[in-house]
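A.B. asks: Before I ask anything, here is the structure I am working with.
The values are calculated or read from the model by the stated rules, or taken from the named source; none is laboratory data. Since the model is a prediction, treat every value here as computed from it, not as a measurement. Note that we place each Cβ from the backbone using ideal geometry, even for glycine, and neighbour counts take in every protein chain shown.
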Amino acid sequence: MFLISYVPMSSKRPFKLRFHSKGAHHASRSNIITSLPANLVDNNLSNNFASLVKPWNDLHSKPPEILYHYTTAPGVAGILRESRIHATHAAFLNDPSEIQYAVSLVRNILAEEKQKYEKELEQKVDERMMASEKEIQENLSWWETIAGWGLGAVEKWARKMPTRETNAWVADRLNVLDTQSDVYIACFCEDGDLLSQWRGYGAAGGGYAMALRAQNLSLSYNGSSTFLRKVIYEPTQQSGLIRIWIRSLLRLRDLLWGQIQDLPLSEERKQKEALLQEQLEKAKVMTAEFLAECIICFKNRAYQDEKEWRVIHFDHGTSQVKFRTRGNALVPFVELEPIEKKLPLHGITFGPTLEPITTMRVLSMAARTHGHTLDSGAIHQSKIPYRG
């Protein structure tokens, strides 16, 4: 699998887009778009899919100045000591229904778009069948080339093949992402004093919110970059993003084959058909990346007050997984470390049920002991009147 990652360049500039592949985490992947033979496909792949990548990336390109990571007492002690963040396996998040929510959304939209597209194809085929005998004969070589066995097979192909192939491929990708992918997530919020977080991640009001400078939050695992994504909660926005990608993938086949439909049977045509198929496969790779990110970035609107961002690591079987306990259960995680060696710690907010004077003192001692320099007032208690 390929994955898209953001690497922050400086605190004054937005994240820079880089691509990494399964086999070589630092290999550039930008040639998927730029190396297409423009004279063959008329830039259809770059026009359709590059135009989809930009608005998706734009959604995630402007994080707030500060992001907050909620954790427990053992968590804050470990973060200060090791200057590392734990990224939890996506299947073992506090709310296991998160992944299923996005998977179900994609499946439902795929079924709807498949039905719409099949109706469009049926209309096109019906119109084609009504064409004059002369027109049919003139175009028979094209139809036979695609379908293999004349008009009867053409109708069967046109009605079934594009959506059937796409449906099966997307279903397979969803199954892999849902049941087999090892994705690790570190969660952050825009607000460092949320009641819902103190009740949950903050151990009934006794937890901690680590304030980190987002533009300097460049984390890696074993040398491979992670990437930062904003969680999207609005159902209309979620559906719109998925629909445009699915529609583009369904229709790209028509756009590409339209480039060669009038070419005579020849070795040159076979070579161009092979190139077109290659472009379709690349489009599928880009769509797979997008769907993978959707599954991680989409949440139910009920959680929108969290205003969550996520640092994401896709594992390719090379991670040294560790385990911690949650109640009586084991939870797998990996440790993400800052590229700059020290986390960009801006401050710490501690929960409303903790004793303020001693807690502030011990946090200051711990931060100083482990080399974190904080401004005066950077450590303070929650202002929420919560007593657990």
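A.B. asks: Where residues in the stretch 169-211 are of a type in the set (D, E, K, R) and at pLDDT below 70, which of them is nearest to His89 (Cα to Cα)?
C.D. replies: Asp178
A.B. asks: Filter the stretch 79-95 down to residues that are under 15 Å from Leu219 (Cα atoms) and not aliphatic (A, V, I, L, M) and give me whichever is farthest from the chain's Cα centre (by Cα).
C.D. replies: Glu82
A.B. asks: Let me ask another. Looking at (1) out of contact with any Phe, Trp or Tyr (no Cβ under 7 Å at 6 or more places or on another chain); (2) closer than 18 Å to Tyr208 by Cβ; (3) modelled with pLDDT under 95, find the lone condition where Tyr386 falls short.
C.D. replies: Every condition holds for Tyr386 apart from (1).
A.B. asks: Modelled with pLDDT under 60, surrounded by fewer than 16 Cβ atoms within 10 Å (Cβ to Cβ), hydroxyl-bearing (Ser, Thr, Tyr) and closer than 27 Å to Ala283 by Cα: does that describe Thr145?
C.D. replies: Here the answer is no, as Thr145 does not meet what is asked.
A.B. asks: May I ask you to verify whether Leu241 is modelled with pLDDT of 90 or more, hydrophobic (A, V, I, L, M, F, W, C) and in a helix (DSSP H, G or I)?
C.D. replies: It is true that Leu241 is modelled with pLDDT of 90 or more, hydrophobic (A, V, I, L, M, F, W, C) and in a helix (DSSP H, G or I).
A.B. asks: Quickly run through the stretch 54-77 and pick out the residues that are part of a helix (DSSP H, G or I) and touching a strand residue (DSSP E or B) at 6+ places or on another chain (Cβ under 8 Å).
C.D. replies: The answer is Asn57, Leu59, His60, Ala73, Gly75, Val76.
A.B. asks: Ok, one more. Taking into account only those residues within the stretch 244-275 that are charged (D, E, K, R) and more than 25 Å from Phe290 (Cβ to Cβ), which is modelled with the lowest pLDDT?
C.D. replies: Across the stretch 244-275, the extreme among qualifying residues is Asp262.
A.B. asks: Looking only at the stretch 310-367, filter to residues that are touching a residue at least 40 places away in the same chain (Cβ under 8 Å) and among the hydroxyl-bearing types (Ser, Thr, Tyr); which one of those is nearest to Ile79 (Cα to Cα)?
C.D. replies: By that ranking, first place goes to Thr349.
A.B. asks: Restricting to the stretch 96-116, what's the tally of residues that are more than 18 Å from the chain's Cα centre (by Cα) and surrounded by fewer than 19 Cβ atoms within 10 Å (Cβ to Cβ)?
C.D. replies: The qualifying residues number 6.
A.B. asks: Looking at the stretch 316-353 only, could you name the residues that are more than 17 Å from Leu219 (Cβ to Cβ) and assigned to a strand (DSSP E or B)?
C.D. replies: The answer is Phe323, Arg324, Thr325, Arg326, Ala329, Leu330, Val331, Pro332, Gly347, Ile348, Thr349, Phe350.
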